[in-house]
Amino acid sequence: MKLFLDTASVSEIRRMWEVGILDGVTTNPSLVSKEGRVFEDIIEEICALGVPSVSAEVVATDVDGMLREGHHLAALHPSIYVKIPMTAAGLQATKQLSREKIRVNMTLVFSANQALLAAKVGAAYVSPFIGRLDDQGQDGMELIRDIHTIYQAYKYPTEILVASIRHPIHVLEAAKIGADIGTMPFAVMEKLVQHPLTDIGLARFLKDWEKVPVRAKVTGPGPQSTR
Ligand code: E4P
């Protein structure tokens, strides 16, 4: 499963990119507004890191506006995926952009029928928001199962991008279902790395190692360990 960060913070993205576990980035208007910076500057900076998939969202709600913004965003960098909301206008714009070979991430998807439509108009990604469904008492993961079943049955190439992930169990469940991508906040991705038994085990190994004589001292912090 590909792991994406759901953020517009370049420093967070740079950190996970350096660790080497990042496959892409999703942004949305709310995340971008938190940064207080020019939208295009943020997107170009993320792309310049080498991140191969960067989703940038349109804010127009009519077809012409979505197409205009979609063309503008796609022209910024070859790694851009244009994020378009799941509305009738969004479906129409997605069909047109897909014909032009511009990759679309259909966002704000909350039902399997909406996901079916996204695949039919040629979206590259479909983004079901599981956390927001959980928040209102509906099982978000059930939606991922349904979309996966439908896409398998018809062999749709649209990739399932599990969005609105809130915790590591969401990532685990999505991976078990076979979702293509999970996008998550920095704090959730950090938790994927950590386990208390890893920390305890490492501390014990290092303590025991203090008693071992060595020929040359090659251990100790390197130039990168101050990060
Ligand atoms: C996905 O692309 C969205 O940006 C995101 O996952 C929404 O998550 P939220 O429900 O935590 O805002």
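The values are calculated or read from the model by the stated rules, or taken from the named source; none is laboratory data. Because the structure is a prediction, the values reported are computed rather than measured. Note that each Cβ is placed from the backbone with ideal geometry, even for glycine, and that neighbours are counted across all protein chains shown. Side chains are part of the model used for accessible areas, which takes the heavy atoms of the whole protein and leaves out ligands, DNA and RNA. Shrake-Rupley method; radii C 1.70, N 1.55, O 1.52, S 1.80 Å.
Here are the numbers for this structure:
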quantity: Output for the range 159-175, where each listed residue is within 11 Å of the ligand (Cβ to nearest atom) and assigned to a helix (DSSP H, G or I); calculated: 170
quantity: Test set (1) within 13 Å of the ligand (Cβ to nearest atom); (2) under 18 Å from the mean Cα position of the chain (by Cα); (3) not basic (Lys, Arg) - residue 135 fails condition number; calculated: (2)
quantity: Within the range 4-17, considering residues that are of a type outside the set (Gly, Ala, Ser) and without any contact (Cβ under 8 Å) to a residue 60 or more places away in the chain, the one surrounded by the fewest Cβ atoms within 10 Å (Cβ to Cβ); calculated: 14
quantity: Number of the condition not met by residue 45 [criteria: (1) under 20 Å from residue 18 (Cα atoms); (2) out of contact with any Leu (no Cβ under 7 Å at 6 or more places or on another chain); (3) outside any helix (DSSP H, G or I)]; calculated: (3)
quantity: Hits in the range 193-213 - residues which are open to solvent by less than 70 Å² (accessible area, probe 1.4 Å) and within 30 Å of residue 173 (Cβ to Cβ); calculated: 201
quantity: Flag for residue 93 being more than 16 Å from the ligand (Cβ to nearest atom), within 22 Å of residue 132 (Cβ to Cβ) and in a helix (DSSP H, G or I); calculated: no
quantity: Looking only at the range 18-31, and only at residues there that are part of a helix (DSSP H, G or I) and near the ligand (Cβ under 10 Å from one of its atoms), the one that is surrounded by the most Cβ atoms within 10 Å (Cβ to Cβ); calculated: 31
